[in-house]
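Take a look at the structure below.
The values are calculated or read from the model by the stated rules, or taken from the named source; none is laboratory data. Everything quoted here is computed from the prediction, not taken from an experiment. Cβ atoms come from the backbone with ideal geometry, glycine included; neighbour counts cover every protein chain shown.
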Amino acid sequence: MKIKLQQAADVLQKADEVLVLSHKSPDGDTLGSASALCTALQRMGKHVRFACSDPVVPKYENLFAKNLNQTLLLP
């Protein structure tokens, strides 16, 4: 299913809870982008969670330490 940018923005604006997912073995670019998105959504008053199938490596943990309600490790 393809949606346009404005449609994606509308979905996020209407949502109260958002789950941001990452691909397996996320690198710094992925985690930085996910952290920025989570921060922006939280500033909009959203309840945000981040999930990934792999643990966030220690050097990137600070990206998620203060700005998320919960970080999930998916099986």
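Selection of the range 34-53 for residues being part of a helix (DSSP H, G or I) and surrounded by fewer than 15 Cβ atoms within 10 Å (Cβ to Cβ) yields ALA36, ALA40, ARG43. Whenever a residue of the range 12-26 is exposed (fewer than 10 other Cβ atoms within 10 Å of the Cβ), its partners that are among the small types (Gly, Ala, Ser), lying with C-beta atoms within less than 8 angstrom and at least six residues away or across chains, give the pairs LYS24/SER53. When you look at VAL56, is it modelled with pLDDT of 85 or more and surrounded by 15 or more Cβ atoms within 10 Å (Cβ to Cβ), yes or no? So VAL56 does not fit the description; no.
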